[in-house]
Amino acid sequence: MHRLALGEYLVILGMSSITRTIAAGARRTAIDELIRPGDRLAANSLLGTCLHLGLDILGPATGGLLIAGPGAGTALLVDAGSFAVLFGLAITIPAATRPSEDAETTGPRLGVLRSVPPMVLWLIGVTFLFNFLYGPVDVGLPLFVRDTLAAGPRVYGELFTVFGIGSLIGGLAVGSLRRRSVVRWVTVLSILGWGGAALLLATAGSPAIALVAFGLGGLVYGPFTAASVTAIQDATPAAEVGPVISLWAALTIGALPLGIVVGGPLVAALGARGTFALCAGLTLALGLATLARVVSDPGIGRRGRSVREVEAATDAGVREKL
């Protein structure tokens with residue numbers, strides 16, 4: 001009585017994981033459909049900032065107060081109620097109109113991955129690896145604080161505080177960029193910057209240096225999602241955005257847990273410093289590979305735009321010859 005059985009709790013968690021993935025893709029698809037192309041970077045940045053504030057700052061603080069007060073059951077009920085409010089707001093979003101498709105493109109789109117530009121698949125893969133390589137760092141950080149820095153929970157909390165502040169600043173800053181062509185370069189700089197920050201963290205011998213490294217890491221980590229997803233949206237033909245963003249969301253959400261699973265054996269074998277150094281090196285290599293790909297394919301973000309320009313002109317009754 002008045003208890004939630006483990007089996008029921010696991011079912012709830014499983015269902016919430018599925019709906020979370022669907023919702024993540026739907027949010028970014030809605031931005032693609034409802035926001036003008038020139039404003040997508042700002043919209044993606046604002047969405048990421050709001051999610052960060054809610055999930056990482058305001059949500060945990062509110063949950064802690066509710067659990068300490070009325071109890072965990074009340075916290076779960078409030079959480080469920082917040083989704084009811086979100087549902088009410090979501091149904092007020094206007095439906096976006098898509099241009100009519102040719103007969104040969106209608107029906108199940110099983111070959112969507114073959115029809116999108118290769119750069120889009122590259123960016124999705126880069127996003128997965130980037131988030132995957134953060135997982136082992138998350139595993140090793142508490143051991144690093146305790147064993148290497150000889151510190152306690154206070155320093156551990158301060159590390160995530162400076163990371164969160166840096167992430168907020170970086171995410172908001174990238175939203176102020178008005179040139180859409182910079183999103184690919186922001187993506188590259190975020191990867192290289194985080195790799196450098198992780199390498200500095202691996203060499204840190206004092207809490208002060210670790211705080212600087214993690215704060216700088218948050219600053220460059222924050223813009224990555226907004227920049228990379230905007231680049232994917234821009235480079236994907238309008239008819240393919242839904243399934244492509246759904247794939248992006250599934251891989252993005254699944255990458256970190258997989259990285260955490262791998263992180264346990266890595267930390268046990270290499271220690272926290274060795275794990276940080278390995279992840280830093282692989283992240284830097286990923287950044288250099290992405291830089292080479294971007295330089296070799298400067299059309300990233302342009303193919304999708306040219307498609308949409310033609311579609312917009314068609315909707316307006318203007319026929320343009322490609």
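In this entry, segment 118-228 is assigned a mean projected area of 6.6 nm², taken as a quarter of its C-alpha convex hull surface. Reducing segment 151-210 and segment 1-77 to their Cα centroids gives an inter-centroid distance of 23 Å.
Among the trypsin sites (Lys or Arg not before Pro) found in segment 1-87, those both in a DSSP coil and sparsely packed, with 13 or fewer other Cβ atoms within 10 Å of their Cβ, are ARG3. Rolling a 1.4 Å probe over the protein chains gives LEU256 an accessible area of about 60 Å². When a 1.4 Å probe is rolled over the protein heavy atoms, the share of accessible surface on segment 158-303 that falls to carbon and sulfur comes to 77 percent. Solvent exposure of segment 132-210 amounts to 43 Å² per residue of accessible area, where only protein heavy atoms count and the probe is 1.4 Å.
The values are calculated or read from the model by the stated rules, or taken from the named source; none is laboratory data. Quick caveat, the model's predicted, so the values are computed rather than measured. Cβ coordinates were reconstructed from backbone atoms using ideal geometry, including for glycine residues, and neighbour counts include every protein chain displayed. When the accessible area is computed, the model is the full protein with side chains, heavy atoms only, and any ligands, DNA or RNA have been set aside. Shrake-Rupley method; radii C 1.70, N 1.55, O 1.52, S 1.80 Å.
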